[in-house]
């Protein structure tokens, strides 16, 4: 799965790479930056296809640098990307341990399961199991900031990646959004994309990640046993004005998805990135 970079790429790394910037300036630095992303992409593909097995170890930094014909600094930056994606551990003085081949979903992509799936080369799928209109309970009114007596639209969908069930999606919509959802075809892949065409924008979200036991409905749809642990992501999303547009919980089968978060002094804990469910 791994490949050796071209002579031109190697020269750029030596001239302006991440750990040996020289007089080449911006162009060299840009080439070096592109190198570590290519190394990271190649290693990511090897990990996700099982080349190193689960809980296996990557080759040492020096061996990776020799294999790809790049500097150790470039390798370190590539490994930092994999660490941020939750694919490998990082501990000083030891070789990186592979954590598994679960697909990595950044917080920026939690707003669209469809967008994330396609970015990973998967074919997203969605099947509407039920849609009901009913009075909102107290918790739903609080999350969606609705007055007493309001109604909501509640959907249950099975989400798939390349035909394989991975997640049950339960979403509660306020009336102005739910009435549009009710008009969509039951097999539409992305509610988010369809709603955007009607001017409903999903721009900010609060997320809570925990583990819950599969109920009878989850077990039937996902093919797991009742009581099996599922990774749950709860999400309240708002539009550009801060008005809630959904309150949702997604329940994933273990091993099908991982979540990443970026922290720094300069940005908030849940910043969105132009990178890699409804």
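Just so you know, all these numbers are worked out from the coordinates, no wet-lab data involved. Please read these numbers as outputs of a predicted model, since none were measured by experiment. When we count neighbours, we look across all protein chains shown, and the Cβ atoms used for this are built from the backbone with ideal geometry, even at glycine.
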How far apart, in nm, are two points set 7 Å out from the Cα along the Cα-to-Cβ line at residue 83 and at residue 60? 1.8
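I need the semi-axes of the equivalent ellipsoid of segment 104-260: take the C-alpha gyration tensor, multiply each eigenvalue by 5, square-root it, list largest first in whole angstrom.
Details: eigenvalues 110, 64, 48 Å².
Result for segment 104-260: semi-axes of 23, 18, 15 Å.
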Neighbour-count ranking [beta-carbon atoms within 10 angstrom, fewest first] of 113, 202, 259: 259, 202, 113
Expressed in nanometres to one decimal, the distance between label points 7 Å along Cα→Cβ at residue 118 and residue 162 is 1.8
Label point at residue 179 placed 7 Å out along Cα→Cβ; residues across segment 131-159 whose backbone nitrogen lies under 20 Å: 131-137, 141, 144-155
Quick one: Cα centre-to-centre distance for segment 218-234 and segment 123-156, in angstrom? 20
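Determine, for 192, 49, 256, the number of other Cβ atoms within 10 Å of each Cβ, and report the residues in order from fewest to most. Can you show the working numbers first?
Values: 192 20, 49 10, 256 17.
Ascending number of Cβ neighbours within 10 Å: 49, 256, 192.
Mind checking the full-extension length gain between residue 225 and residue 76? Use 0.36 nm per residue of separation minus the Cα-Cα distance, one decimal, nm.
Details: separation 149, 0.36 × 149 = 53.64 nm, distance 4.14 nm.
Length difference between fully extended and current span is 49.5 nm.
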Would you kindly state how much longer the chain becomes between residue 138 and residue 206 on full extension, computed as 0.36 nm times their sequence separation minus their alpha carbon distance, in nm to one decimal? 22.6 nm
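Going by C-beta contacts inside 10 Å, put 167, 120 in order with the fewest on the left.
On the way: 167 25, 120 17.
In order of increasing Cβ crowding within 10 Å: 120, 167.
For an R0 of 35 angstrom, estimate the FRET efficiency from the Cβ-Cβ distance between residue 216 and residue 41 and round to the nearest 0.05. Spell out each step's value before the answer.
On the way: r = 41 Å, r/R0 = 1.17.
Rounded to the nearest 0.05, the efficiency is 0.30.
Contour minus end-to-end for residue 193 and residue 249, with contour as 0.36 nm per residue of separation and end-to-end as the Cα-Cα distance? Walk me through the numbers on the way to the answer.
Details: separation 56, 0.36 × 56 = 20.16 nm, distance 1.86 nm.
Contour length minus the Cα-Cα distance gives 18.3 nm.
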Relative contact order (percent) for segment 104-260, with alpha-carbon contacts under 8 angstrom and 6 or more residues of separation? 25
